[in-house]
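Visitor: Here it is, the structure in full.
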Amino acid sequence: QVQVVQSGGGLVHPGGSLRLSCTVSGNVFRGFDMAWYRQAPGKQRELVADISVSGITHYRNSVKGRFTISRDNAKNTMYLQMNNLQPEDTAVYYCNADGYINGGDYFPQGPWGQGTQVTVSS
């Protein structure tokens, strides 16, 4: 069975940094597009960034220049490096390890990570 395990969340002050990790068991990681989503309380889940099998990346405008999505096939792991964090970045962040990109849009399928809390507060 495939497992998706996230780590790296926490509490930081504005301007701080965190790195999220998403490790996938089995061989599925190498063959699928992947993405990071987030969901704040009372809000819709939103796409933060996605990365194709070939390494092409997309970011929502509000995180461009601050966040970096990457993947390491040797470790079966996807990362989200988050710099200059702001209070509006506070949310539960979710890894999607099995999606596909069509026409520039990301379509999540499964599986999902368990979610990890990121809180930015002064």
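The values are calculated or read from the model by the stated rules, or taken from the named source; none is laboratory data. For clarity, every value in this text was computed on a predicted model and none was experimentally measured. Every residue, glycine as well, gets a Cβ built from its backbone with ideal geometry; the counts of neighbours run over all protein chains shown. These area figures cover heavy atoms from the full protein model, side chains too; ligands, DNA and RNA do not enter into them. Shrake-Rupley method; radii C 1.70, N 1.55, O 1.52, S 1.80 Å.
Visitor: Restricting to the stretch 9-23, what's the tally of residues that are out of contact with any Phe, Trp or Tyr (no Cβ under 8 Å at 6 or more places or on another chain) and assigned to a loop (DSSP other than H, G, I, E, B)? Step through it out loud before you land on a result.
Guide: Applying the first criterion (out of contact with any Phe, Trp or Tyr (no Cβ under 8 Å at 6 or more places or on another chain)) to the stretch 9-23 yields 10-18, 23.
Within this subset, residues satisfying the condition of being assigned to a loop (DSSP other than H, G, I, E, B) are 13-17.
Residues that pass the stated criteria total 5.
Visitor: Taking Val12 and the conditions (1) over 18 Å from Pro108 (Cβ atoms); (2) open to solvent by 50 Å² or more (accessible area, probe 1.4 Å); (3) of a type in the set (A, V, I, L, M, F, W, C), which numbered condition does it fall short on, given that it satisfies the others?
Guide: So Val12 meets the others, but not (2).
Visitor: Please identify the pairs in which a residue from the stretch 41-60 that is among the charged types (D, E, K, R) has its Cβ atom under 6 Å from the Cβ atom of a residue that is surrounded by fewer than 17 Cβ atoms within 10 Å (Cβ to Cβ) and modelled with pLDDT of 95 or more, counting only partners at least 6 apart or on another chain.
Guide: Short answer, once both residue conditions are applied: Arg45/Gln39.
Visitor: Could you grab me the full set of residues in the stretch 1-18 that are within 20 Å of Gly99 (Cβ to Cβ) and of a type outside the set (A, V, I, L, M, F, W, C)? Lay out the reasoning, then the answer.
Guide: Taking the stretch 1-18 as the starting set, the residues that turn out to be within 20 Å of Gly99 (Cβ to Cβ) are 1-6.
Of everything in the stretch 1-18, those that are within 20 Å of Gly99 (Cβ to Cβ) and of a type outside the set (A, V, I, L, M, F, W, C) turn out to be Gln1, Gln3, Gln6.
Visitor: Of all residues in the stretch 37-65, count the ones that are within 21 Å of Leu11 (Cβ to Cβ), open to solvent by less than 50 Å² (accessible area, probe 1.4 Å) and more than 9 Å from the chain's Cα centre (by Cα).
Guide: Looking only at that region, the number is 2.
Visitor: Next question, about the same structure. For the stretch 4-31, enumerate the residues that are free of Cβ contacts under 8 Å to residues at least 60 places away in the same chain and touching a Ser or Thr at 6+ places or on another chain (Cβ under 7 Å).
Guide: Once the filter is applied, which keeps residues that are free of Cβ contacts under 8 Å to residues at least 60 places away in the same chain and touching a Ser or Thr at 6+ places or on another chain (Cβ under 7 Å), the stretch 4-31 yields Ser21, Thr23.
Visitor: Evaluate the stretch 45-57: report whether one residue or more is assigned to a loop (DSSP other than H, G, I, E, B), closer than 26 Å to Thr119 by Cα and hydrophobic (A, V, I, L, M, F, W, C).
Guide: Among the residues of the stretch 45-57, not one is assigned to a loop (DSSP other than H, G, I, E, B), closer than 26 Å to Thr119 by Cα and hydrophobic (A, V, I, L, M, F, W, C), which makes the answer no.
Visitor: Kindly indicate whether Met34 is in a strand (DSSP E or B), free of Cβ contacts under 8 Å to residues at least 60 places away in the same chain and buried (at least 21 other Cβ atoms within 10 Å of the Cβ). Please lay out each step first, then the result.
Guide: Details: in a strand (DSSP E or B): yes; free of Cβ contacts under 8 Å to residues at least 60 places away in the same chain: no; buried (at least 21 other Cβ atoms within 10 Å of the Cβ): yes.
Judged against the criteria, Met34 is not a match.
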